[in-house]
Amino acid sequence: MASNSAVPTFTAPQLRRGWCKGSRLEFLQSHMSSYEEARRKGRAQAKERSDAIFVEFCKRYPYDLPLDKEPDSTDVHHSSDAVLTPYEEGRKAALLERLSTARILL
C-alpha cells in the first residue's frame, strides 16, 4: 500500500472587516506611515516595505496562532529561518497570502 505524502492545499479563513484588533491593530497602525511613504515612491518600494512589515508581524504573531487570540509567553514563535514541515509551510503561506490582501483598518 503506497503512502500519500502529498501536502494538502490550504485556504486561510476570510478576513472580514474588523478582523484586526488589539495589539495586532496597534502594530500595523504603527507601520502605516512608513508604508504610505514607501507607497508614494512606487509599487516596488511599497511591496518591499509591506514584506518587511509582515516579517515582523509573523515574529510577533505566530502564523498558527488564531487571529482572535493575543500571544503570550507560551506561544511558539517560529524564527524566519526555522525549518518548517511542508504542512506548516502550507498553512503559513496561505495565511500570509490572505494577510497580504486584507484590509487592515476598515
Within the stretch 66-73, can one find any residue that is outside any helix (DSSP H, G or I), among the polar types (S, T, N, Q) and surrounded by fewer than 13 Cβ atoms within 10 Å (Cβ to Cβ)?
yes
Please specify each residue of the stretch 40-53 satisfying the condition of being exposed (fewer than 11 other Cβ atoms within 10 Å of the Cβ), in a helix (DSSP H, G or I) and among the small types (Gly, Ala, Ser).
44
Considering only the stretch 62-79, I want to know if a residue exists there that is in contact with a helix residue (DSSP H, G or I) (Cβ under 7 Å, 6 or more places away or on another chain), among the aromatic types (Phe, Trp, Tyr) and modelled with pLDDT of 85 or more.
no
So if I check each of 26, 37, 56, which one is in a helix (DSSP H, G or I), farther than 20 Å from residue 91 by Cα, within 16 Å of the chain's Cα centre (by Cα) and not basic (Lys, Arg)?
26
Output the residue which, of all residues in the stretch 14-36 that are without any contact (Cβ under 8 Å) to a residue 12 or more places away in the chain and charged (D, E, K, R), is farthest from residue 73 (Cα to Cα).
36
State the number of residues belonging to the stretch 13-29 that are open to solvent by less than 80 Å² (accessible area, probe 1.4 Å) and farther than 15 Å from residue 58 by Cα.
4
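The values are calculated or read from the model by the stated rules, or taken from the named source; none is laboratory data. Note that this is a predicted model, so its numbers are computed, not measured. Here the Cβ is made from the backbone with ideal geometry for all residues, glycine too, and neighbour counts use every protein chain on show. For accessibility, only protein heavy atoms count, side chains too; no ligands or nucleic acids. Shrake-Rupley method; radii C 1.70, N 1.55, O 1.52, S 1.80 Å.
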